[in-house]
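Below is one structure, written out as structure tokens; comments come after it.
The values are calculated or read from the model by the stated rules, or taken from the named source; none is laboratory data. Here the structure is a predicted model, which means the values were calculated and not measured. Neighbour counts run over all protein chains shown; Cβ positions are idealised from the backbone, glycine included.
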Amino acid sequence: MTTAPLGSGPVPAMPDRTPKALRAAIAQHAPQLLVDFDRHWRRDIADAYDLAPVPAFMARWWGEFALARDPQLEAKVHDLEDEASREPDYARAKSLIEEAGRIRRTAAKAEPGQ
């Protein structure tokens, strides 16, 4: 994989948009996600006779990897979420969660190779 800028520095490029390629990228660059990825795959996809859940599975894990591949961006999102959980002012907490969500959605829009 090549690297591309995201957040604050070079990060691994997004893989091909297939479960196999995504799993390989997670194993190589974000192994902390691998147990949950495999568990989710086995529970919802591996023995399914209906492939309807595959797009939702890919969307979720695509976004998870897109964020996890950039540790500084991931830390920023977690800091926003942690700060929101401690924030007594509802409007401020909501704003922090919305910002974390915007970052997650933006990261998840990454295309293969980016």
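Before moving on, here are some points about what is shown:
- Within the stretch 1-17, the set of residues being more than 19 Å from residue 73 (Cα to Cα) and either within 14 Å of the chain's Cα centre (by Cα) or modelled with pLDDT under 95 (or both) comprises 1, 17.
- Within the stretch 27-59, the only residue that satisfies the criterion of being farther than 19 Å from residue 15 by Cα, of a type in the set (Gly, Ala, Ser) and surrounded by 11 or more Cβ atoms within 10 Å (Cβ to Cβ) is 48.
- 1 or more residues within 24 Å of residue 103 (Cα to Cα) and either basic (Lys, Arg) or modelled with pLDDT under 95 (or both): qualifying helices (runs of 4 or more DSSP H) within the stretch 18-76: 19-29, 54-68
- Of all residues in the stretch 83-114, those satisfying the criterion of being exposed (fewer than 13 other Cβ atoms within 10 Å of the Cβ) and within 18 Å of the chain's Cα centre (by Cα) are 98, 102, 105, 109, 111, 113.
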